[in-house]
Amino acid sequence: MFDRLGSLLILFLCVPGAAQADAKGLVRQLGGTDNRVRYEAFRTLRSTKPPAALPLLAAALPRFPLHAKNLGVSVLHAYPREKVAPIMLRFARGESAFLMVQAGVWLYQSGNRSAVEFVVHGLGMTVPATELSMNLGRVSLLRVPEVSTAVLRHVHGAADDGPLQQALWHLLACEHEPAIPVVRKLLAGADRLRPTQRMVCAAFLVAMGEGGHVKMLADEIRNSKNISRLRQFLRRAPDLDREILAAILDFLDDKSGYQVADALRLLAQHDYTPAVRKMRELLDDDDAQISKAAFDSLMRMGSGLESKHLRRLLHSSKPQVSIAAADALRRLDDLTGLSRVIELALKRGPHRLDAVDALGKFRSREAVSPLIERLDDADRNVRDRAHHGLTRILSGLFPYRSLDLASTGYRSTGPAAARKTAVAQIRHWWKLQGVDK
Amino acid sequence: MVRRMTLRVLAALIALTSTLPGQESESAAAVTAPGRKMTLALDGVLGGAGSEAPAARTLYLLVDPSEGLVQNKFVVELRRALHRNRARLVNTTIGVAGVGVRGGVTLQPTRDHTAIVAAVAGLLQDARDDIRNVYASVRAVAAAFPGKSGDREILLVALQNGDAEDDVEATARELERRDVRFRCITSEAYVADSYWTARPYVRKPRKTKLTGGDAAFVELPWGWIMQMTVANEVAPSGYAAYGLSRLARETKGRVHLFAAPNSTKHQCAIYGRCLFCDGDHAPSVDTYWRSRLGRYAPSTEDRSTVFRKAGADPWFRAMLKAWKRASGAGLLRGTPSVRLTGNGLAPQRSRVRPTFSWGSTNFASQAKRATKAARECDRIFSSLKRDLVALEQTKGIPRYEAMAEYTLLMLQLTKVNLTTFAGWCREIAPGLVAKNAPTVVPPQKAPRDGGRRPAGVGYTNFCLCHGVAPFESVDLPGGKALRDELAALRTLTDRFELRYGHTPLGVAVHRAGIAAFHFTYPGLARARPRKRPKSSTDKNPVTQRGRPTRPGRSSGGTGGPTTGK
């Protein structure tokens, strides 16, 4: 008895010391140079939030390298506001521009409106381009005129690509009208600008509704290798000129991966019908990312994929495309894809998860039996989807009954034997309903 | 296969006949511009139709400062539009006036675009969703035009309030007398909107009447029992409020509709629940077809002419007869807003009447009453059907023909709901309150009522957005009687869809629903709150003022189909 009490006492006395040591170690690792170790420390600190780490972070963060500083600030965000507020105030009054901006934004969003001064001061300090880019990114959604004015100072011909893009994005998000003449003036001397600068500036003006730089933007897009940097600008544009959309379509020719996916999304957003043919070709692309983007784009465009095209895709050699087509048809109240989805849900393969997921949306009696079978699938994710889908279907088919699969003892994560018994019980109940009628 | 082919041929024929010229020159279709974008509307007004600058003209921007304009960044749109159209505006002077603003005109006509934008921004600083009399402001601004040379135009920017009328005809006369063309940017009205008729107690500006809707009067029977919403009150009509379309017609002006980009997302059920999807439904019939929309467009003639023509229309007369009988039988809340006279129609006060009551928990008696009501509904349905069959070869106003068929469908739906209710009272409700709950096999669970006694019966709706067919596999109370009624409803709905899909009435059918019943329980007793809290809290009572938020409005925050993009 006394032995046990003694050990508990020792444990009780040791825990704070051990926690202190742990926290110290984690904070040291966070400030280290090994990326993997640093990220592991970040995850542990953010999820466990040890109180002992707070003063250590407050003392060490200003000396950390930039990326560690960024992770450290994210860790602080996880702590209760009242404990972090004094630390943020200290950072805002400190010497690090990065911490000044981060803390200023945090304080402003916590209700301290005068903290804008820190943000403005931090943005005015001379720092390397990477740091400036991060600072501008942090204020991107802070809609305060003083901040926008400070951001506008970074829009000039000597600006690096990253900060310029971040600055213009902020100004667009805030619809900061005074930026328009500044950017227009910058583009007046376009020869002195790099192509990426010209492209982002022209995209900014187009997104702000200015029609004067359409041709310049179209030319830059055709010559560019990367359209992703423009995506956020062009997505916000109220109407894109057809010349720009034609340039985006031309851009697709020799590109791959996410560049193509991003371009397709832009074309679909602006309902550019001349792109439909190209999108249909890309449905069969070997890159799953591209074929999926082509499918989604065509679906988004009213005239892109009609029922007859979708029905043809049900027999595609790619199961994912068949499933997506069946799901799209279901959304149009056409259930012709149901049998194909059932077939794929019963067939082994990596597509089964998606097939079961799609099956659960059909709200049809025919989908119930295959889903009951998948409740006992070897893959836990498939079981989860089957459980979710079946619950959804049954609540629709029997709106006046209270149904709960757990009442049979079913748990998708439970032991296999119990699961089998529960599934047998569900199957029996389903037979009693005069099923599949 | 053959049936499908026949249906296709029939659909093609109907689409073809829909494009034939009908009564469109007299209807709202003639004055409503296509599209729903603010850029399109502003370019249409500021830039004019041609590529060259219009001759000398004076344009007054009459802005009704509502929150919708602020949310949709009207000032930014205006600034951009002025910049885009600057070359075409060289001969145009623009003044600014505000609806409900003392003195009306806030900026005399000028070519200074910065001043124009600033004046509009100033007006919108105090934006509120109040009900205002836009027609009085139109008359005041018409009188304020300086000089007599050049074209004169008023652009009323009022996303709402076209339904608060004082005197539309006097306004039209004033505009004509001063040779002013009327244009407006507004949001879609609802089809034959009965919203204000059902709420006569709402406060409105002096001498105004809240009419509502795209038409000169409330043409459709409204307030069907066991419907959570009046379907036509949440079905955008594709046209502006009657008064605005009327002014545009009389002055050879134009109505531009605006819908916020986020407001066109499909939503199966405005109230109630969709049994067949999680909100990812993408029905093609949500998009209005311009040709069909034009065919069923409301008239923009003066009210007395509209009354005369409606009174002479056999389809409308048949519908009105069924409306009177149904409201007399308690199947409808609203009585007709017009009565037949020797000269056509005369307006009368539409009343909210008590309807079939389902509150009691005496289920045997409730089932009997529901069956009796269903029989009465069937009699009215059969009578209307006979009338419509007899009229098949008679040419009437297409809008009223569609409305009569819609009424027939709603009568059938009411029959379905009454049959479901009778079935529920017989098959389900007694088991829910029985002392010994019936044994059930898992995964079914015994119904629980928490030991409380039900106080009554409530209902919700399963929307018809996916059609009637999927309901045939749903386990609903009512047995064979219900299955027969559902089959009849399916036939009617399929036929209706074929003829009136892609129109507001097609959408209205989707937004109606099959009722599902449940118990209601008395509220739990709680300590009453202090009459006067010591300090102010956010739980203080708030007095409702201004215009209520209505769901399904295309220019508001939630769903609503629109034509064009």
So, counting K/R as plus one and D/E as minus one, what does the shell of residues with Cβ under 9 Å around B:Tyr135 add up to? -2
Sum -39500 (n - 2.57) across every DSSP H segment of at least 4 residues in chain B, then divide by the residue count to get the 222 nm mean residue ellipticity, nearest 500. -11500 deg cm²/dmol
I want to check the label-to-label distance for A:Thr273 and A:Ala417. Put each point 7 Å from Cα in the C-beta direction and report it in nm to one decimal. 6.5
Given pairs B:Lys73/B:Lys209; B:Lys148/B:Lys204; B:Lys321/B:Lys395 and cut-off 24 Å on Cα-Cα distance, the over-length ones are B:Lys73/B:Lys209; B:Lys148/B:Lys204
So between B:Thr439 and B:Ala455, what do we pick up on full extension, going 0.36 nm a residue minus the alpha carbon distance? 3.3 nm
Inter-site label distance for A:Tyr400 and A:Ser110 at 7 Å from Cα along Cβ, in nm: 5.8
So, in Å, what gap is there between the alpha-carbon centers of the stretch A:23-68 and the stretch B:389-442? 66
So, R0 is 51 Å and r is the distance between the beta-carbons of B:Gln108 and B:Thr341; what FRET efficiency does that work out to, to 0.05? 0.55
Using only the Cα atoms of the stretch B:273-413, what are the Rg and Dmax in Å? 18.2, 52
For B:Thr520, other-chain or 5+-apart residues with amide H closer than 5 Å (H placed, Pro excluded) are B:Ala455, B:Gly456, B:Val457, B:Gly458
Binned Cα-Cα distances of the protein assembly as shown, short to long, each 10 Å bin given as a whole percent: 2, 9, 14, 18, 20, 18, 11, 5, 1, 0, 0
When the helices in chain A are scored as -39500 (n - 2.57) per DSSP H run of 4 or longer and the sum is shared across all residues, what 222 nm value do you end up with, to the nearest 500 deg cm²/dmol? -20500 deg cm²/dmol
Per-residue ³J(HN,Hα) for the stretch B:216-224, Karplus 6.51 cos²θ - 1.76 cosθ + 1.60, θ = phi - 60°, Hz, x for Gly and Pro: 5, 7, 6, 8, 9, x, 10, x, 4
Give A:Lys292/A:Lys347; B:Lys368/B:Lys435; A:Lys318/B:Lys37 a once-over and call out the pairs whose C-alpha atoms are over 30 Å from each other. A:Lys318/B:Lys37
Among A:Ser316, A:Ser224, A:Ser395, residue whose mean-square fluctuation peaks in a GNM of chain A (springs only between Cα atoms under 10 Å): A:Ser395
Calculate, for A:Asn223 and A:Arg46, the FRET efficiency according to 1/(1 + (r/R0)^6) with r their C-beta to C-beta distance and R0 56 Å; round to the nearest 0.05. 0.85
Taking only Cα atoms, what is the 0 to 90° angle, nearest 10, from helix B:2-18's long axis to the longest principal axis of chain B? 30
Where does helix B:168-177 land angle-wise versus the long Cα axis of chain B, in degrees 0 to 90, nearest 10? 20
Residues with amide H under 5 Å of B:Ala216's amide H, sequence separation 5 or more or different chain, H placed in the peptide plane at 1.01 Å from N; which? B:Ser299
Rg over Rh of the stretch A:153-309, using C-alpha atoms and the Kirkwood radius, what does it come to? 1.01
After finding the eigenvalues of the alpha carbon gyration tensor for chain A, what semi-axes result from the square roots of 5 times each, listed largest first in whole Å? 46, 40, 17
Test item: A:354-366 mean partner chain Cβ contacts at 10 Å: 2
Return one number: the angle in degrees, 0 to 90 and rounded to the nearest 10, between the long axis of the Cα atoms of helix B:398-423 and the longest principal axis of the Cα atoms of chain B. 30
Sequence neighbours fewer than 8 away in the same chain don't count; with that in mind, list the aspartates and glutamates whose C-alpha is under 16 Å from A:Lys225. A:Asp161, A:Asp250, A:Asp253, A:Asp254, A:Asp262
The stretch A:108-182: C-alpha gyration tensor shape, a/c 1.5 cut-off, then a/b vs b/c: oblate
Take every DSSP beta bridge whose two residues both sit in the protein assembly as shown, then give the antiparallel share in percent to the nearest 5. 50
Once you have the Cα-Cα distance between A:Ala424 and A:Asp161, take 0.36 nm times their residue separation minus that, and quote the gain in nm to one decimal. 88.5 nm
Per-residue HN-Hα couplings for the stretch B:196-213, Karplus 6.51 cos²θ - 1.76 cosθ + 1.60 at θ = phi - 60°, whole Hz, x for Gly and Pro? 6, 5, 6, 10, x, 7, 5, 6, 9, x, 4, 6, 9, 10, 7, 8, x, x
Sort out for me the Cα centre separation of the stretch B:30-101 from the stretch A:235-285, rounded to whole Å. 32
R0 = 60 Å: FRET efficiency of A:Glu82 with B:Ser365, Cβ-based, nearest 0.05? 0.45
Let's test this: bin the Cα-Cα distances of chain B at 10 Å from zero up to the farthest pair and state each bin's percent. 3, 16, 25, 23, 17, 10, 4, 1, 0
So how far apart, in nm, are the two label points at A:Glu95 and A:Glu306 if each is 7 Å from Cα heading toward Cβ? 7.1
Want the number for A:Glu177 to A:Arg153: 0.36 nm per residue separation, take away the alpha-carbon distance, what's left? 7.2 nm
Determine the distance separating the Cα centre of the stretch A:116-184 from the Cα centre of the stretch B:107-127; give it in Å without decimals. 29
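Every number here is computed from the coordinates shown, using simple stated rules; none is lab data. No experiment lies behind these values; they were computed from the predicted model shown. Glycine also receives a Cβ, built like all others from the backbone with ideal geometry; neighbour counts cover every protein chain displayed.
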